[in-house]
Each structure stands twice: as structure tokens, then as C-alpha cells.
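One structure is given here, and the rest of the page talks about it.
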Amino acid sequence: MVKPTSLHTPLALSSMDEAKMRRAAVPRRSLGQLAPRIPGYDPVATLERQSASRLQDLVPLRYERMAVSEFTFLRGAAATMAHDLGSAPSTGLNAQLCGDAHFMNFGMYLSPERRLVFDVNDFDETLPGPFEWDVKRLVASFAVAGKVWGFSQVAVENIVLAAAKKYRTEINRFSKLSNLDMWYQRYDVEQHLDELHGFSRGGLDPVDALIAKAKRKDSKRAASKLTEIGADGKRHFRNDPPITIPLSNLLVEPYASWTLEKAITTVMANYADSLETDRRYLLDTMVTTDIARKVVGVGSVGTRCYVLLLEGNYIGDPLILQAKEAVPSVLEAHLGPSQYPTSGARVVAGQRLMQATPDIFLGHYQMDFNPGETYDFYMRQLHDGKASPDFINVVNDGPIRGFAQLCALTLARAHARSGDRAAIASYLGSSDVFDRAMVDWALAAVERNAEDYQAFMAAIEAGRLPKPAPTPTTPPAG
């Protein structure tokens, strides 16, 4: 984690000095340069190394989802962008990074107080590192998606400029807040309805519809979609391969010695140890009755991901938790290993630091499947008001520009909680030099990503990678 600044340090003065030193070593304009890759670097080999430790029956599905467009490829290729970020000079002004801050990893969810908030919502790659790495990943995602949507280069540049400026001005605003005031910052959706209505037109879901959708997404709805009443009169997960497969269908060699009951007992005992006392008490009021493997996302396909069905004392009182495998962050190859003993602990700590209101069931555990076969997991609720705009029918850049600003504000708030916000603000300054550098980076990243995508598709065509089943071309959200 980023080491907190001592209360006795003259923060503003030391931060300004630090910023001047960093700006001299790494001028803001230089952040727009995309470093050349080392001779012989192969982006396809990077994907192959990632796939080697994944469930092999799901690897073709991962490639199928990545193959849809240049944007879906970017979503699954965080490791190749991490290589590019790690190859260039960095500011050294660290904050807790999301590590995969593309715009599809932002959205709304219900806080423990049952308020809809907007925040970052994926932390598989989280790690402390240079603040600009997250900003670069964010603006690159909008630029690549803009190309897929058919936006002009001018429109793409305006989106990136708006996002970069918003990040810079919000960091400057946050730098003036006290530590406690900063910690209490959050983006309450219903308190910003007028602002949100302004960019919910032109292809994005109307905000009121999105809020209604979010409020419907709870464990009861998830249970109605994923479970059914079996012949024994009990609720079980539906068998819907390859997306959802009950664990009882997977308990074959080499896991024939396992039973559903043993798996449930082992998982819940290990997971409960990572929760606060009140959360453990709440968990004890429920009984875990079933587990299933479930495929999610694009970049996560092939990692071990499960859903657990818990039921309380009342009829129709289900809770569905999601257990996702946590592997080392793609940033660790460039920033060094995490300080946490497990990848699950790393993810949970990063999420708690970056999110304003984390899930009350957020926890982690380690699972020994067989001797010498250990995996790290983190757990959270599967659905708890989670929703984000539908980007399938985007028709113009105006709403996207507004959404980019909201994502940038959210990222600035997360970084300001965990880094030296005064130093970052001083480094960024009041001019648009940083904003322009992000445009240069984003446009270069579009070209680099296109080259990698072509190499990826060629590897599939040549049989080097498993050939996915034919799928219709869809926009980035597909």
C-alpha cells in the first residue's frame, strides 16, 4: 500500500517540492509518448502465458469474446498494455491503482446504506503504482471504443481531453480537502440526477431507467435467473454450460474425493476468517446450500469463478455470493510483487482503499484443491444494484464525453484517497499540458492495440490459438 503521509509533515510544501522534482525528471508532455517495444516482443505469447494457468475448456471462450472487436480485445489484453506502461518513464507519484481502469469497469451499485453510488467496480489487477497508468488505461479505452463506434478523430480527441481535464481539475479540488473530508467523498447517484441526465441521451440508457434497473438487480433476481427448484424440493443452480455448471456436475477426476458438502464447509470456514465480526455473525444466520462454476466478463474468462447460494430463515431470502480466483496482478511484473500474502488479500485491500463504500461481504480465502494445487479467491455479492450504461446503441460522442468525465472524476477520487494528492495536483498543474499528452498517448495506444488485435486474429486463423466459434460482430459492450 501507499505509505500514508505523517500528520506532522508540512504536506503542501513537501508535495510541491516533490512535484517539481518529478516534473523535471518526467515532463508532463513526455507522458504522451508510447515507448517502443523490445525487439521480438510478442503480444500473443503474453496471452498464451496467461491462458496456461486457466481452465483450458474455457480458453476458447475467452478468445471468442476478445475477438469481437478491437475494444473487447483491449479489455482482455491488460497484460500487453501493462508491458507498454512499464516500458516508459513514469512519474513515481504513486496511488492505489485499479490496474484495469477501462470504462466498462465503472458503474453504479448499492452501498451498505442502500444508496446508489458510482465508483470503480473491478480490482483484479489492483496494485500501488504511478497514478498516470490508470489514467492512460482509461483514456485508451475511450479512444479504442470511439474508433469501433465510428467516431471521428476530432471526436475521440475531445472525449480524451474532457476526461484528462476532469481528472486534473478534480485532483486539484481534492488536494484542498482535509484527510477526513477526502475520505468521506462519494458520488451519490440520486444527488447528481440533473448532471447525469445531461449525458444519458444519444444512445446511452436514460438515467432513470438505469437506476430502476440497478435497484432490481439483487440476490432475489439473481436467484430467479440462476437457480431452480429440484426434484428434492430444494433450490439449486441451473445447469447452463459453459456459462453456469453446478459443482456437483464437476466433481469428477481429479476431484472425485471432494463432495459438495466438503467444498461448502471448506470455502465458508476460510472465507469467514477474513470478515469483521458483525459480517461473520450475519453470515452465520444463513446456510450455504449450493455452488456452481460461472463464467463472467472478458478478461476473467478461464479463471476459476464460482457462485454460492445462501439461504436465510425466511422463504425467499437468498443471497448469492461470487467467488473469483485472484491471480498476481499484471502490474506486478513491472512494479514488483504485492506486499500481501495472497492475491485475494491484495484485491480486497485495494478495493477497500479505492472504493468509497465497499461491499459488506467483501473477503478473501485460499483453497487447496489437491496437494500442491492452491488457489487464491476473493468473494463479494454477485448482484447488489450493479449497473452501467448500455453502450450497444451509441450514436454520438456527446454522452460519451460526459461519461468519460464521470469516470475520470471517480478515478481522481480513488487516487486522492490513497496517494499524495497534493503532489499529484502540483505535478499536473493548471495548464492543459497533461490533457494534451493524454490525447497523444490515447491515439498511439489505438494504433498499438490495432496491431496487437491483428496479430491475435492472425494467430487464431493460423491455428496457434484455439479458434472460437463464429460470432456476429457487435459493439464493444457485446
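No lab work stands behind these numbers, since they all come straight from the coordinates. Only a predicted model underlies this, so the values are computations on that prediction, with no experimental measurement involved. Cβ sites come from the backbone with ideal geometry, for glycine too, and all protein chains shown count toward neighbours.
In table form, for the structure just shown:
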| read-out | value |
| --- | --- |
| Size of charge dipole - the range 272-326 - debye, nearest 20, with Cβ of Lys, Arg +1 and Asp, Glu -1, no other charges | 340 |
| Percent RCO, i.e. relative contact order, over the range 219-381, from Cα pairs under 8 Å lying at least 6 residues apart | 21 |
| Cα centre as origin, Lys/Arg/Asp/Glu Cβ charges: the range 219-381 dipole, Debye | 460 |
| For the range 345-391: span of alpha carbons on each principal axis (Å, largest first) | 44, 24, 18 |
| Along principal axes, Cα extents of the range 219-381, largest first, whole Å | 52, 38, 29 |
| Calculated FRET efficiency for the pair D284/A212, C-beta based, R₀ 41 Å, to 0.05 | 0.75 |
| Inter-site label distance for Q33 and W258 at 7 Å from Cα along Cβ, in nm | 5.0 |
| Chymotrypsin sites (Phe, Trp or Tyr not before Pro) lying in DSSP loop within the range 278-341, provided at most 11 other Cβ fall within 10 Å | Y314 |
| Cα-centre dipole for the chain with unit charges at Cβ (Lys and Arg positive, Asp and Glu negative), debye to 20 | 680 |
| Environment charge at L382 (Cβ cut-off 11 Å; Lys +1, Arg +1, Asp -1, Glu -1) | +4 |
| Pairs beyond 30 Å (Cα-Cα), from K386/K467; K176/K324; K165/K386; K147/K386; K147/K220 | K386/K467; K176/K324; K147/K220 |
| Taking the C-alpha atoms of the range 335-478, convex hull volume expressed per residue in Å³ | 227 |
| Low-density loop positions, GluC sites (Glu not before Pro), the range 260-354 - DSSP coil, at most 15 other Cβ in 10 Å | E276 |
| Which of S430, C407, L116, positive extreme of dipole for the chain (C-beta unit charges) | S430 |
| Relative contact order [Cα under 8 Å, 6+ residues apart], the chain, whole percent | 31 |
| Helix runs (DSSP H) in the chain reaching 27 Å along axis by Cα, Kyte-Doolittle at least 0.0 | 131-149, 397-418, 433-461 |
| Neighbour net charge for A88 - beta-carbon separation under 14 angstrom, K R +1, D E -1 | +3 |
| Cβ-based charge dipole, the chain, positive-most Cα from T91, W258, G385 | T91 |
| Farthest positive-ward along the chain dipole, Cα basis, beta-carbon charges - from P318, G299, Q56 | G299 |
| Gained length - S53 relative to D240, 0.36 nm times residue gap less alpha-carbon distance | 64.9 nm |
| For the chain, Kirkwood radius (reciprocal of mean inverse C-alpha pair distance, Å) | 23.3 |
